[in-house]
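Structure, as structure tokens:
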Amino acid sequence: MYLSRAELDPTRRETMVALISPQKFHGAVENAFAGARRRRLWRLDQLGEKLYLLLLSEERPDLTALCAQFGTGAPPETRPYDPLLERVTAGSCWQFRLTANPTRSKKDSADHTARGTLKPCYLEVEQEEWLWAQAAKHGFAVSEGSFAVTRKQTYHFKKNGTRPVTLLAVTYEGILQVTDPEAFKALLCEGVGRGKAYGLGLMTIIHRGGDHG
């Protein structure tokens, strides 16, 4: 696995358009790899005054075209991710950041046998409950007060130029503890929640001792 980072220029017209319509970043990410197109995890990160695209992939990407289209001119960075995964052990504590699409299943009051419809979690209490539920399924624990929702954004765009898409993106930051290393490593590599094609689902971690991913 490789974790890559490319600095973006938010003043460029191409970047401004992609920040509103994240499927444009999705296309650029997939074009960074040879062979058949398949979904990779990526995320936009604002760090101080700088904007980055983070990308997790099994193969080393060629980000030349992506940087030419959206970048500042700074060269992208790519490093192996496996050394960090090897440090994930039961009981270890990590700072984390996750931008995800929290949803809940809402039943039809007129038909209790029907499958529930997925609805975005717009309320902060629902967003927190969603993260607790994911923690229970994916091998980590977060306690009340150990994390916070630091950003919310709703995207409205048209998929393939025709089908309207509304997507809620919520950023969580805080401290977690690993309870099941294998399940947690699977989460780090595969992501969590919906909207992965649009920059959602990638969790990155920093060991409380200093290593990060």
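What to note about this one:
- Ranked from largest, the principal axis spans of the Cα set of segment 123-167 equal 42, 21, 13 Å.
- Ranked by how many other Cβ atoms sit within 10 Å of their own Cβ, fewest first, the residues SER57, SER143 fall in the order SER143, SER57.
- Per-residue Cβ neighbour counts within 10 Å put TRP94, TRP132 in the sequence TRP132, TRP94, beginning with the fewest.
- Highest-fluctuation residue, TYR122, TYR198, TYR172 considered, GNM on the chain with Cα pairs under 10 Å: TYR122
- For the pair segment 43-107 and segment 140-213, the centres of their Cα atoms are 10 angstrom apart.
- Considering helices alone, the calculated mean residue ellipticity of the chain at 222 nm is -7000 deg cm²/dmol, with DSSP H runs of length four and up weighted by -39500 (n - 2.57) and normalised per residue.
- The Cα atoms of the chain cover 52, 46, 35 Å along the three principal axes, with the biggest extent listed first.
- Cα-only Debye scattering, segment 84-207: base-10 log of I(q)/I(0) at q = 0.09, 0.23 Å⁻¹: -0.28, -1.34
- log₁₀ of I(q)/I(0) at q = 0.18, 0.23, 0.26 Å⁻¹ - segment 2-80, Debye sum with one point per alpha carbon: -0.66, -1.11, -1.42
- Pairs from LYS158/LYS196; LYS50/LYS137; LYS119/LYS158; LYS137/LYS159; LYS50/LYS185; LYS119/LYS185 whose Cα-Cα separation, in the structure shown, is over 25 Å: LYS50/LYS137; LYS137/LYS159; LYS50/LYS185; LYS119/LYS185
Read the figures in this text as sums done on the coordinates, not as results from a lab. Note that the structure is predicted; figures quoted are calculated from it, not measured. Virtual Cβ from ideal backbone geometry, glycine too; neighbours counted across all protein chains shown.
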